[in-house]
Each structure stands twice: as C-alpha cells, then as structure tokens.
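Accompanying notes for the structure given below.
Each reported figure results from applying straightforward, stated rules to the coordinates on display, with no laboratory input. The model shown is predicted, which means the values in this text are computed figures rather than measured ones. Here the Cβ positions follow ideal geometry from the backbone for every residue, glycine too, while neighbour counts run over all protein chains shown.
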C-alpha cells in the first residue's frame, strides 16, 4: 500500500498474521481480523489482535515499512498489562478477551506500514 494513494490517510495492512505452533501439546496462534484499515491523519488508530493460548502468553507487535525489515514496536512479557512502545504505540493484554490490540492516540502518515502481531511461549 502506498501512503501517496490516499493523501491525508494512514494505511495499515498485514499479509498474514504470524502463527506459531508449540512443539509440545499446546497449540498457540494469533489472528489479525482486518486485512487493512484506513485512518485519517490525527485520528486514533487501533489494530486488532486476538490470540489462542492456555496460560500467560508472550506477545509482540512488529512494524514493517516498505522495502525494510521488521522493527519491534513493543512486547508483553509479564507484569502490568498495559505496554508502552516506541513511536507512541501501546497495547494492552486483556486475558479475559484474549486480545492484544495495538493503539496510537494520533496516527501520522509515516505510520503507513504492515503490522504483525506475534506470540511465543
């Protein structure tokens, strides 16, 4: 997706949510339900991520800009469930909803990228 295709909007896309399979008896997965979203510049941004895991997961959000590698935005390991990351992003682990949605109060054109939610043991 190109930011220039919709001036004044922030685009988010994901090719496929990263899925991981534990080599033992427990299966784990993440799901990003939205293929892409369009957000006006300056508006709040939320990217949804749901997970399937028995126990307390370790979750991450990555960003990938065009022609670049993955960059870690934030990760949840343990402790407080609200995680603040770089570039104004944050995510909150909600175990009762099995969700780890990524949020930013004010989206910028430079936030146009591919976002990945990831889970590991």
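If we count other beta carbons within 10 Å of each Cβ, what is the order of 65, 115, fewest first?
65, 115
Can you give the extra length, in nm with one decimal, that the chain gains between residue 64 and residue 41 once fully stretched, where that is 0.36 nm per residue apart less the Cα-Cα distance?
Separation in residues times 0.36 nm, less the Cα-Cα distance, equals 6.4 nm.
Does the stretch 31-109 classify as rounded, prolate or oblate by the C-alpha gyration tensor (a ≥ b ≥ c root eigenvalues; a/c under 1.5 gives rounded; else a/b over b/c gives prolate, otherwise oblate)?
In terms of gyration-tensor shape, prolate.
Quick check on packing: order 73-81, 106-114 by the mean number of other C-beta atoms within 10 Å, highest mean leading.
Going by the mean number of other Cβ atoms within 10 Å, highest first, we get 106-114, 73-81.
Each label point is 7 Å from the Cα along the Cα-to-Cβ direction; what then is the distance between the points at residue 97 and residue 77, in nm?
Reported label-point gap for residue 97 and residue 77 is 2.6 nm.
Looking at the square roots a ≥ b ≥ c of the eigenvalues of the Cα gyration tensor of the stretch 72-121, which shape do they give, rounded for a/c under 1.5, prolate if a/b is larger than b/c, or oblate?
Verdict is prolate for the stretch 72-121.
Testing the spin-label approximation: label points 7 Å from Cα along Cα→Cβ at residue 34 and residue 54. State their distance in nm.
Here the modelled spin labels are 3.3 nm apart.
Which number comes out as Rg/Rh for the stretch 49-89 once both Rg and the Kirkwood Rh are worked out on C-alpha atoms?
Result for the stretch 49-89 is an Rg/Rh of 1.02.
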